[in-house]
Amino acid sequence: MMTLKWENNQDDWIYVRTEVFIKQQGFKNEFDDMDEQSLHLTIYKDQQLVGCARGYVTDDNVALIQRIAVLAPFRRQGFGSTIVLAMEDKLRTFQPVEIRLHAQADKLAFYEQLGYQAIGDQDFDEDVPHQWMKKPVL
């Protein structure tokens, strides 16, 4: 059984992001002030922690989905898509004008399958190529 959790999940999303972004991918600046202002989603399979994401709406009324991560044993099982789509649904309740994310360049095809389109040029976040992507609010 799959469970989504939006509250009281700080220890879990910190754990996932530490494992994926810091330990596996080598990022150093994973946590920031936006964590305090964001919605945090964690996902579980049979009560076992699987992954997380955070999201918020900017002052320009753009919904941003960030820090999308799935623990290694659960990858390529559809959990990433579930996380993104659930976060989109939650952020749509704030009636944003658009949904955006800043994808790691090697994940572009994954996000394109979910309806995202690349915008602008690639840039770097801690020496990792990234691409801004957008999706219309439906």
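Go through the residues of the range 64-78 one by one and say whether even a single one is touching a Leu at 6+ places or on another chain (Cβ under 6 Å) and not β-branched (Val, Ile, Thr).
no
Which of the residues spanning the range 100-138 are hydrophobic (A, V, I, L, M, F, W, C) and touching a Ser or Thr at 6+ places or on another chain (Cβ under 9 Å)?
Passing the criteria: Phe110, Leu114.
Under 20 Å from Gly26 (Cα atoms) and of a type in the set (A, V, I, L, M, F, W, C): which single residue out of Val128, Val57, Val137, Val97 fits that description?
Answer to the selection: Val128.
Read the figures in this text as sums done on the coordinates, not as results from a lab. The shown structure was predicted, so the numbers you read here are calculated from the model rather than taken from an experiment. Virtual Cβ from ideal backbone geometry, glycine too; neighbours counted across all protein chains shown.
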